[in-house]
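The values are calculated or read from the model by the stated rules, or taken from the named source; none is laboratory data. None of these values were measured; they are calculated from a predicted model. Positions of Cβ are backbone-derived with ideal geometry, glycine not excepted, and every protein chain shown enters the neighbour counts. For the accessible areas, the whole protein counts, side chains as well, though only heavy atoms, and no ligand, DNA or RNA atoms are used. Shrake-Rupley method; radii C 1.70, N 1.55, O 1.52, S 1.80 Å.
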Amino acid sequence: VKDIIWIWFSRKLNSIWYSQSILSWLLLPISYCFWILTKLRKLGYFLGIFKIYRASVPVVVVGNITVGGTGKTPLVVRLAQLLEEKGWRPGVICSGYGGYSRKWPIRVSSDTRLKAIGDEAMLLFEKVVCPVVAGSRRSESVEMLLNEYSVDVVVSDDGLQHYALERDVEIAVIDGSRRFGNNRLLPAGPLRENKERLDDVDFTVVKGCFSGHEIGMLFEPVNLSNLLNPFNQVTLERFRGMTVNAVAGVGSNESFFKLLLEKGIKCIPRAFPDHYVYSASDLDFSDNLPVIMTEKDAVKCRAFAGEDWWSLSIRAVLPHEFEVQFLKKLSRYRNEQKTSRTTGMSSNKRAASLRQE
């Protein structure tokens, strides 16, 4: 019953946020209160009432201004890979959303329990070769990385609104199909912050349709891995013309279903809320059809997977010009940090943006 209510509630919120619902108008007074609280909070950081943590290495924050998935995690994976290719030693931090650990932060390893850290942290650990630390207090996660690993740059999965962590590069990610919904702040709309916040970030990356100064990001399917035997990998061509159960519990389920359809695979869409905790009964379809799901869902379903269950691996594809500019900006901040430590000067790159907003 609880799962049914949660699915209904998630779908109801999306119908309010991404349409002209009368309920959105009724929630506007609460949105105004939310706006005031966010302004006061940011003012507190600017005035020094709240402490801002400054790491000894450059920090890159990949986040969004809307609730729900926009493609942050695949972008974080690509950035970590890019940094390693160019000789950096990155470390990744994430919130551990959905995890039930009593102690944070946590060094994610092959022995870490999924329930302790949540699906995104586990997926990050499986996709990158650099260290991953999960924890709600990002400053503590960064400290753990710096104390226990030889990292020289930190990439944060989410945290655009986590102003307690000073950052050197900000990247905002947008879902090109859903954009900003009804353009209203929570709870009347999906916005965590006003759209003007995008004027202060270093890069705006859009999954799908983009325009102007935005940077386009594509998701390219790599292969399918069997949930019971990850070494058993096939291409999507194997299922062309076939009907499958397509399982997705991510921020934008429709994009996953659309990708399969574009590859000639007939889908029976099985949509679940983002971060949904599956049980075997949820995926008991009783039709003996193959099951294809996202990697994020797969990490939660291996314990009860069937023989013909597969997870689709994707990679983020970014323009070469963006990667060049990203590396150039990051290198500049690393040099500035060396100078500031020599001269005793402090760095607070985002103070101006906090003042403007």
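Scanning the stretch 292-317 for residues that are assigned to a strand (DSSP E or B), aliphatic (A, V, I, L, M) and either buried (at least 18 other Cβ atoms within 10 Å of the Cβ) or in contact with a helix residue (DSSP H, G or I) (Cβ under 7 Å, 6 or more places away or on another chain) (or both) yields ILE292, MET293, LEU312, ILE314, ALA316.
One line per residue, one yes/no per condition, for (1) open to solvent by 30 Å² or more (accessible area, probe 1.4 Å); (2) modelled with pLDDT under 95; (3) β-branched (Val, Ile, Thr):
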site: GLY189; (1), (2), (3): no, yes, no
site: ASN194; (1), (2), (3): yes, yes, no
site: THR204; (1), (2), (3): no, no, yes
site: ASN229; (1), (2), (3): yes, no, no
site: ASN232; (1), (2), (3): yes, no, no
site: THR235; (1), (2), (3): yes, no, yes
site: ARG238; (1), (2), (3): yes, no, no
site: VAL244; (1), (2), (3): no, no, yes
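So that you can scan it fast, the table gives a plain yes or no per residue for (1) under 30 Å from LYS195 (Cα atoms); (2) assigned to a loop (DSSP other than H, G, I, E, B); (3) at pLDDT below 95:
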residue	(1), (2), (3)
CYS33	yes, no, no
ILE36	yes, no, no
GLY48	yes, yes, yes
VAL60	yes, no, no
LEU79	yes, no, no
ARG102	no, yes, yes
ASP111	no, yes, yes
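Within the stretch 247-291, restricting attention to residues that are under 21 Å from the mean Cα position of the chain (by Cα) and within 20 Å of THR235 (Cα to Cα), which residue is surrounded by the most Cβ atoms within 10 Å (Cβ to Cβ)? Break it down into steps so the answer makes sense when it comes.
Applying the first criterion (under 21 Å from the mean Cα position of the chain (by Cα)) to the stretch 247-291 yields 247-259, 271-278.
Narrowing further to those that are within 20 Å of THR235 (Cα to Cα): 247-248, 255-259.
Working: VAL247: 28, ALA248: 26, SER255: 20, PHE256: 25, PHE257: 19, LYS258: 15, LEU259: 20.
By that ranking, first place goes to VAL247.
Is at least one residue of the stretch 131-148 out of contact with any strand residue (DSSP E or B) (no Cβ under 8 Å at 6 or more places or on another chain), closer than 28 Å to MET293 by Cβ and crowded, with 21+ Cβ neighbours inside 10 Å? Checked the stretch 131-148: no residue is out of contact with any strand residue (DSSP E or B) (no Cβ under 8 Å at 6 or more places or on another chain), closer than 28 Å to MET293 by Cβ and crowded, with 21+ Cβ neighbours inside 10 Å.
Kindly provide the set of residues from the stretch 159-180 that are in contact with a Gly (Cβ under 6 Å, 6 or more places away or on another chain), farther than 12 Å from SER139 by Cβ and crowded, with 21+ Cβ neighbours inside 10 Å, ordered by number.
Within the stretch 159-180, the subset in contact with a Gly (Cβ under 6 Å, 6 or more places away or on another chain) is 159-160, 173, 176-177.
Now drop any that are not farther than 12 Å from SER139 by Cβ, which leaves 160, 173, 176-177.
The answer is LEU160, VAL173.
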